[in-house]
Each structure stands twice: as C-alpha cells, then as structure tokens.
Amino acid sequence: MKAQKFRLKGAIFFLTAVIFSTGSQLVSAQKFVLPILPDTQSEVGSKPEMFYSQLNWIAKSKDSLNMPIVLHVGDLVNFDNIKHYETASKGYKILDSAKVGYAIAVGNHDTEAVGVNSGSAAPGNVNQNLRKTTKFNTYFPVSRFTMQKGRYEENKSDNAYYTFKAGGMKWLVITLEFCARQGPVDWANKIISDNKKYNVIILTHFHLTPKGEINKTNAGYGDLTTKAIYDQMISKHKNVRMVLSGHVVPSAHRIDKGEKGNDIYQMLQDYQHEDFGGGYIRLLEIDTKKKTMSAKMYSPYYNKTREDESKFSFSDVKFLKRKWLFN
C-alpha cells in the first residue's frame, strides 16, 4: 500500500511538473520577433560586411529572441549583375546554415528593369523588364525557400506564400511583386480566402510613401497602383494583419480599417540613402497574449537602436484566435 501511495505521489508530482513546464513554454511562445530587412541594395553593392553583420546577428539571435522567419522587403541587390547576386547569396547562406527560413519580396532592383552596371533603367520596355527575374530565381531557387508552400508561377518566387506558427497562432506571408499585375493580385485573393485561420502578412516592395500614405501610382512603370492593390485585395479580407514595404526612405506606419472591420497595420522601412543602410533591421516584437506589436530599428553593425520615429508600438491588436502549437 505504501509503495502504491509513493508511486501515486510521484506520478502527481511528475504531472504537475509537466503542466508547469508546458505552461511556461506557452507563455514564452506567445512572444516572438519578426526581423524585417529593409532595402539592402547599397550594403550588398558597396558594403557587404554590413549586410553580413545583419544575417550573422539574426542567425545567432534566432533562439533567444524567438525568430520564426526572416522577411525582406525587396531591393535585395542594387544592380542586376552576378557579383551583387553572389554577395546576396553568400549572405543568405548564413541563414541556410542556421536553418532559419526566410521570404524575400522582389524589388525593382532585383529585376532586369535596372542595368547590369548601374541602378538606372535598363534599355527596352521597363514594364516588361520588371517581370524578368532570371538572376533572382537562379540564385534563390524555390528549393531554397524552405517555408514556401506555393507560388503564382512555376519555379518563380516573385509571388509566393509561406506559412509558420508563432505566438500560438498560424501565420501566412504573401510576397507580392512590385506594382503587381492583375493575375498575381487575383491569385493572392484566393490564397488568403483559402486560409481564413491564418493571420496574413503582405510583403511587398512598394506600398507606403515617406509620409505614411498609401501610394496612388504605379511608379511610372509598374502595372496596378498600390492603392488599387489595397482596394482589390488587401482591404477585402478579415485575416489580413500587416503590410510591410520599402522602396522609399526612411520609416513610416499607418493603420487602416479593412472592409470587415479589421485593423491593417502598414509599415515602411528603408535606409539605403543613409550610410549604405547602416545595417539596420526592423525588429517587430509581437506578443499575442498582451495583443501588442512593438517596432524598432536595430543595427548589429553598430550595436545601436534608432531613437526616432522608427520606434513605435501598437496595442489592442486583434489577432485571430490562438491555436497552440501542439494542437
């Protein structure tokens, strides 16, 4: 009888320990950080050691800061040449080795719309050249994006979607091409509609202006205006949470109500014209229990956080209902 009581007490103690341990894991799992890389074109083209410092820091910090995925707003490279893409590829091999997944939006400088030896427009039809992304998809083939679940065009990651779990919730990232064509926008609408249980992040190169307004042009050589994309796709879905963009400097943010009453948090980050970018990364800390998002720009290269308008936070963020990771 005494042996049975001892075993029973031991089992209760073990079960209690498991419950407390699991509970603490759930609490920590509610908070995570999304590292968002602004345009890295100047770093890749002129100061690659600054670019490598960003990726090395992310690889070393992924566990301590709970980073489920790395996001890049586009203009990965400056010129459409092999040297720049080799530098970019070498940098991302740091994340590959650390087994950190990532998604990269295609910027105008990541296409044949820019020259091989300059950032000026390449000869020919700029709109057509904007959709030629051979080098990007050669150095960053579909197989390299380990979290990618599907794409608009076969063997091209210009328009693709990715999923991950963090904060006890399901997340979906859509990378959308620069001033997108109608086809990718229609495709993105279907992906979002088919994944209603996912909090959606739209990752695209061009969206907000420096004043924090939704841009109303197609940049003069794109297809749809960013406002048209917002009206046709982004604003339509209850589960769209964020839009992340670059292209113009430096930092801005805004909140708009979607057609279903949801808040859409939109953030711009781009420091390419200041010290080659300064090695800054947007760190977006998300706490799904407290319903908050806090943003800051941090440079591992200088070990410095900017104390300006790039530092802001959102409260009472209405994420979708949590679905714990072990369910």
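The values are calculated or read from the model by the stated rules, or taken from the named source; none is laboratory data. No experiment lies behind these values; they were computed from the predicted model shown. Every residue, glycine among them, receives a Cβ derived from its backbone with ideal geometry; neighbour counts consider all protein chains shown. When the accessible area is computed, the model is the full protein with side chains, heavy atoms only, and any ligands, DNA or RNA have been set aside. Shrake-Rupley method; radii C 1.70, N 1.55, O 1.52, S 1.80 Å.
Kindly indicate which of Tyr161, Tyr152 is in contact with a Gly (Cβ under 6 Å, 6 or more places away or on another chain) and crowded, with 23+ Cβ neighbours inside 10 Å.
Unique residue meeting the criteria: Tyr161.
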inquiry  = I need the strands (runs of 3 or more DSSP E) fully contained in the range 174-288, keeping only those with at least 1 residues that are closer than 27 Å to Pro68 by Cβ and aromatic (Phe, Trp, Tyr).
reply    = 263-269
remark   = If we ask which residues in the range 279-288 are open to solvent by less than 10 Å² (accessible area, probe 1.4 Å), within 21 Å of Leu208 (Cα to Cα) and in contact with a Lys or Arg (Cβ under 8 Å, 6 or more places away or on another chain), their number turns out to be 1
query = If you take the residues in the range 210-224 that are crowded, with 18+ Cβ neighbours inside 10 Å and not aliphatic (A, V, I, L, M), which one is nearest to Val317 (Cα to Cα)?
reply = Asn215
Considering residues of the range 228-272 that are open to solvent by 30 Å² or more (accessible area, probe 1.4 Å) and touching a residue at least 60 places away in the same chain (Cβ under 8 Å) only, the residue farthest from Lys190 (Cα to Cα) = Pro250
inquiry  = Given (1) crowded, with 21+ Cβ neighbours inside 10 Å; (2) farther than 17 Å from His247 by Cβ, identify the lone condition not met by Asn125.
reply    = (1)
